Amino acid sequence: MRADAIRRHGLIVSLVLVVLLTFASCQSQPSARILFIGNSYTFVNGGLDKQLEGLAPSTETERIASGGYTLEKHWTDGNALRKIREGKWDYVVLQEQSQAPVLNQGKFYEFARMFDVEIRRSGARTILLMTWERPDSRNLGVTTDGLAAAFTAIGKELGAKVAPAGLAFARSLHSKPELTLYTPDGHPTVEGTYLAACVLYRTIFELSPVGNPYSQKNFSAETEKYLQQIAADSSGF
């Protein structure tokens, strides 16, 4: 009987440990409700929102994203505003049309300010997604430096976090130019979308994506680890 009692006690202890470890694991996962507002840069390759959910499984996301849209167009058609005003978000990620922050900076700033007012009023926080230099726009001055300057300025003014995906792309292309992150018109490849999602993970949760268990099926584990490290190295935390 004593041996049976010892075995039962051991089983109970094991079950308790499993429950505690599972609870701790769930507690350690970052969670938030996040709305994405953008265009095709946001929704291609299944969407930045879905990649972020993969990295942070306890996170809930939605997106309002239409091809070619600027923040001004989103403001005018009203769908993004209605979704913001539902008031259930912790963060709202704003992705401006990729050339506008440099070529039409006044409009970018104007509508970033207007959206930020509505986002704060709803109880959420604004995240500005810095996009990357487009191969077809360098001669127009839409460069990494130009984009970084524009986003840094408005982020500082609004007191909003900037997710520096553009800086991460530049770092990766300098370190490993053979790894393609975007098409000629700037749309991200699956690797580019994953990198941008890792940057958002780092920016929003202030946690390193390095070692995140979310596994990619579209490229190698080596590339996955490399992009995680690039995202960690490109963020200011």
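Considering only residues that are in a loop (DSSP other than H, G, I, E, B), among the aliphatic types (A, V, I, L, M) and either at pLDDT 95 or above or under 24 Å from Glu53 (Cα atoms) (or both), which ones fall in the range 142-200?
Hits for the range 142-200 are Ala160, Leu179, Leu181.
Under the condition of being of a type outside the set (Phe, Trp, Tyr) and either free of Cβ contacts under 8 Å to residues at least 60 places away in the same chain or assigned to a loop (DSSP other than H, G, I, E, B) (or both), which residue from the range 221-231 is surrounded by the most Cβ atoms within 10 Å (Cβ to Cβ)?
Leu227
Going through Pro188, Pro177, Pro209 one at a time, which residue ends up being surrounded by fewer than 17 Cβ atoms within 10 Å (Cβ to Cβ) and either acidic (Asp, Glu) or assigned by TED's automatic domain parsing to the domain that holds Arg138 (or both)?
The match here is Pro177.
Every residue in the range 48-87 that is under 24 Å from Gln99 (Cα atoms), in contact with an Asp or Glu (Cβ under 7 Å, 6 or more places away or on another chain) and assigned to a loop (DSSP other than H, G, I, E, B), please.
Thr70, the sole residue that qualifies.
A quick yes/no check of all residues on (1) among the β-branched types (Val, Ile, Thr); (2) under 20 Å from Asp185 (Cα atoms):
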| position | (1), (2) |
| --- | --- |
| Phe43 | no, yes |
| Leu52 | no, no |
| Ser66 | no, yes |
| Glu72 | no, no |
| Ile84 | yes, no |
| Gln95 | no, yes |
| Ser98 | no, yes |
| Pro101 | no, yes |
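Of all residues in the range 100-113 being in contact (Cβ under 8 Å) with a residue 40 or more places away in the chain and out of contact with any Pro (no Cβ under 6 Å at 6 or more places or on another chain), which is surrounded by the most Cβ atoms within 10 Å (Cβ to Cβ)?
Restricting to residues being in contact (Cβ under 8 Å) with a residue 40 or more places away in the chain and out of contact with any Pro (no Cβ under 6 Å at 6 or more places or on another chain), the top hit is Pro101.
Pairs only if they're at least six apart or on different chains, beta carbon under 8 angstrom, first in the range 49-78 and closer than 30 Å to Ala232 by Cβ, second buried (at least 17 other Cβ atoms within 10 Å of the Cβ) and among the acidic types (Asp, Glu); list them, first residue then second.
Note: pairs meeting the criteria are Thr59/Glu53; Glu60/Glu53; Thr61/Asp49; Thr61/Glu53; Glu62/Asp49; Arg63/Asp49; Leu71/Glu96.
Looking at Phe36, is it of a type in the set (Phe, Trp, Tyr), at pLDDT 95 or above, outside any helix (DSSP H, G or I) and under 16 Å from Cys198 (Cα atoms)?
yes
Of these, Ser235, Ser215, Ser175, which one is more than 26 Å from Tyr91 (Cα to Cα) and out of contact with any Gly (no Cβ under 7 Å at 6 or more places or on another chain)?
None of the other options fit; the residue is Ser175.
Of everything in the range 104-119, what is over 19 Å from the mean Cα position of the chain (by Cα) and either outside the structural domain of Ala165 (by TED's automatic domain parsing) or in a helix (DSSP H, G or I) (or both)? Give them in sequence order.
Within the range 104-119, Gln105, Gly106, Lys107, Phe108, Tyr109, Glu110, Phe111, Arg113, Met114, Val117, Glu118 qualify.
Among the candidates Glu110, Glu72, Glu53, which residue alone is within 30 Å of Val210 (Cα to Cα) and modelled with pLDDT of 95 or more?
After ruling out the rest, the residue left standing is Glu53.
Return the pairs, sorted by first residue and then second, in which the second residue is modelled with pLDDT of 95 or more and outside any loop (DSSP other than H, G, I, E, B), the first residue lies in the range 205-220 and is closer than 21 Å to Ile34 by Cβ and among the aromatic types (Phe, Trp, Tyr), the beta carbons are less than 7 Å apart, and the residues are 6+ apart or on different chains.
Final answer for the pair search is Tyr214/Gly54; Tyr214/Leu55.
Output the residues belonging to the range 66-99 that are surrounded by fewer than 21 Cβ atoms within 10 Å (Cβ to Cβ) and of a type in the set (Gly, Ala, Ser).
If the condition is that a residue be surrounded by fewer than 21 Cβ atoms within 10 Å (Cβ to Cβ) and of a type in the set (Gly, Ala, Ser), then Ser66, Gly67, Gly68, Gly78, Gly87 are the ones that fit.
The values are calculated or read from the model by the stated rules, or taken from the named source; none is laboratory data. Here the structure is a predicted model, which means the values were calculated and not measured. Here the Cβ is made from the backbone with ideal geometry for all residues, glycine too, and neighbour counts use every protein chain on show.
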